[in-house]
Amino acid sequence: MGSSEVLKTFHASQLSTFNSNKNTAMKHKSIFSLLIFLMGLGMTTTSCEDMLTPDLNRYTENFSGTDTVYFYNGILRNVQDMVEQNQLLGDLRSDLVATTAYSSDSVSHIIDFDRTTDKDGDNQLINRAAYYKVINQCNFYLSKVDTSAVKNNIYYMKREYAQVVNIRAWTYLQLVQTYGRVPFIIKPINSADTGWEKNPEAWATADNLVDLLKGDLEKAQVIERTLGYPQYGEFPTGNDNFKINCTKMRFYADVILGDLYLLRSNGKADYVAAAKNYYYFLKEQSKNGVHVNSGSAASFAEGTNPNGTKYYTAQINPWVTSAFNATSLSSNENVTVIPSAANKTFGRVLTRTAQIYGFDASSSNTTSSDVNGSSVTTSGQVNLSLNYKSRQVQPSNAYLNLCAAQPYAKTTITNGEMTEVKYYEGAGDARLWATAPFFNTKDAPESKARFIAKEAPIVSVTRDGIAFTGSFRHYKSIYRIRQIYLRYAEAINRAGYPRMAYAVLSHGLDSYKLPSIADSIKYDDAAKTKQTVYYMDSTSVTNSYSGAFFIGVDELRRAQADPEYDLYLNFSATSWNNVGIHQMGGFDNVSLIDSLNSYGNRVGQRIIDEANRTKTNTASVRRIVRKLRAETTGEGTGPSESETPQEPTLDELRKTYQEIDPEPAAEASDAEINAVESLIADECVLETAYEGSRMFDLIRFARHMNNDASLPANYGTQWLAWKIARRAENLAPYAQPSQYNGTLYNLMLNPDNWYISNPEYK
């Protein structure tokens, strides 16, 4: 059978699973391994080329715009080739890492922001080839695909087309976040000529990328919302215990558009646009029962030593299994993943990151046959072993101290009322012990050391925080539900709704926690006026620890008056059912209303911290903080006595009073928005550290601040510089803010240094 016949045959049965193939010798083979020989999958690189161009003429062989499923999956196969590089570049340049005695030059140069080395591409970690290989394959596909092709009255190519558009856009987003300014091409390159690299169709930057991509993405968005997504069954990894359903390998136009608008951050319109896209996606997920679930939290168990002192043992299994399970995607937490094969026999094995973090990988095959010896099945297995000499990267002091600074609280409820909030002194955030636990290192210079463990997930630690080598994780997570909620919070905060953004961190936004607005009449008998006043009616929610404690009547009034309320702020539907993301490691739902953890205190303290950092702790700043803290116990109680109508002795007279307009809902202060954003930035660390997004997050937050006219010029640049320059300091997050690495700080004051140098061609 020729290649074109193979493609046709596959498309005719594309809704069936790959493991239904009666040829059992093939049933365990990943689709990705089958695609290596197909068009455009050349595997060699050269140091001077930024894209694999010598074999591009092969793209045209046996290619039809109506039979392209192999080609589409070939694109995914090439995403495999770039995903680890992208993950490492997103973290190695951040505030979360430090070198070790065993760091290679290529890794240490990236961590140290050395932009003078390897410009010619010798360092494969910084070469753009893998990114542009994906893009060029997408370009070729999109130039040939026939979206009008019909089979059984279905435009069956449109859903696949939308996925390719999304993959290309996502790849460009990664390029811009990594290199800053990159060649933008949407026409296929079919020769070895690299002239496009110096004279492209356009130059893509954070400021224009959404404009370059949104036309195609909006078309893809319409397709997804009307026709749905491709259905290609399960993709075997080669491990008999783990197959990945194609539903977990989808890229979503809503999420990518949200990311693009959030990155540009050109005023409120961009933040609203980002929020609307995230909100639509999350709303659809909520209809399917996908939520931030309290059952996924890491926690601590309290114990007592013989001498009466307390100890705390991290219980990490629920959090790990919900998002990082080595051989399962049973949870809905992972939205988009890229699989890893279990052995190179079955496709691309993604072990590079694990090894850099100190886990050596070895693989093996197991072959068996039936009783007649007529059929053979083969499965693969990847095993990890701890090796401190392979550990080129370790957690930074900044990361460890941020985790340690989080208070951990447990609440006692008696007869439906909170009777005690108990703090576990010194426990910190429980997620640390899954992300970077201690491992015994035997013959190493130190008897134990922290290893970054998300690539080798563990499900338990001892009471001393010691872990044992985990299992190999057969996928890379591109998007997670909690990550998307954090970006939604980031967007609505900058759109002017910091209290609702904070709710994403604390209680979660849903119909069960959001109180309604009630009103009363306030009379001024001296002035003979009457005025409608508003208050939070916490009786409208199912528990006493509701959003009334932090949302605030002004913010809820402004949200409900927003003309686009239903498009990005409305959580009244019962399908919403979330808990706060910070509850994944630090608090339970109820303890967040304790005075120490209240909105007024947490946000107020962060305002003070930021003012001390920037040496701008003025009287106006302190007034804002006093007002926030004063609200801690006042919200959710209804109108005060002065706002409550008196008995009817004056009723007749009051009917004649002049009615004056209600007070307009107060806007959130700029200091409040900035403080909430920094808390979101912290939560991004606590929840998603070492998943490949931290430097991208820092750049995005810095751009928000720099584009905020209420803040001093370059506020965001200085904040990012300070964050990175503090990574080695063994200090609490805001302790001694003037102490940092001055050389690194000055380097980061030039935004060019946030990015990897583009290659130089000779």
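None of the figures in this text is laboratory data; all of them are computed from the coordinates on show. It should be emphasised that the depicted structure is a prediction, and the values quoted were computed from it without experimental measurement. We place every Cβ from the backbone using ideal geometry, glycine too, and count neighbours over all the protein chains shown.
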| field | Sorted largest first, extent of segment 296-478 alpha carbons per principal axis (Å) | value | 68, 47, 34
| field | segment 161-224: trypsin sites (Lys or Arg not before Pro) in DSSP coil with no more than 14 other Cβ atoms inside 10 Å | value | K198
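Measure up K248/K268; K144/K476; K310/K723; K158/K214 against 23 Å on the Cα-Cα distance and list the ones that go over. Before the final figure, lay out the partial values.
Numbers: K248/K268 32 Å; K144/K476 30 Å; K310/K723 33 Å; K158/K214 17 Å.
Among K248/K268; K144/K476; K310/K723; K158/K214, the Cα-Cα distance tops 23 Å for K248/K268; K144/K476; K310/K723.
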| segment 662-762 - convex hull of the alpha-carbon atoms, volume per residue in Å³ | 169 Å³
| Hey, fewest Cβ within 10 Å first, where do D443, D216 land in order? | D443, D216
| request: Let me know the volume per residue of the alpha-carbon convex hull for segment 223-310, in Å³. | output: 222 Å³
| field | From phi via Karplus (6.51, -1.76, 1.60), per-residue ³J(HN,Hα) for segment 663-675 in Hz, x at Gly/Pro | value | 4, x, 4, 5, 6, 5, 6, 4, 5, 5, 4, 5, 5
| task | Within segment 235-270, find all residues whose amide N lies under 11 Å from a label point positioned 7 Å from the Cα of A202 along Cα-to-beta-carbon. | result | none
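Tell me the Kirkwood hydrodynamic radius of segment 167-277 in angstroms, computed as one over the mean inverse distance between distinct C-alpha pairs.
Details: mean 1/r = 0.0624 Å⁻¹.
Here the Kirkwood hydrodynamic radius works out to 16.0 Å.
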| query | What length, rounded to one decimal in nm, is gained on full extension from I517 through to N617, with 0.36 nm per residue of separation minus their alpha-carbon distance? | reply | 32.6 nm
| said: Full-extension gain between S148 and D240, please, as 0.36 nm times their residue separation minus the C-alpha to C-alpha distance. | reply: 29.3 nm
| query | How far, in nm, would the chain grow between T656 and K344 when pulled straight, counting 0.36 nm per residue and subtracting the alpha carbon separation? | reply | 103.8 nm
| Alpha-carbon centroids, segment 675-750 and segment 296-336: separation in whole Å | 28 Å
| Neighbourhood net charge (15 Å Cβ-Cβ; Lys/Arg +1, Asp/Glu -1) for T353 | +2
| field | segment 67-96 versus segment 100-165: alpha-carbon centroid distance in Å | value | 6 Å
| query | Rounded to the nearest whole Å³, what is the per residue volume of the convex hull around the Cα atoms of segment 167-207? | reply | 78 Å³
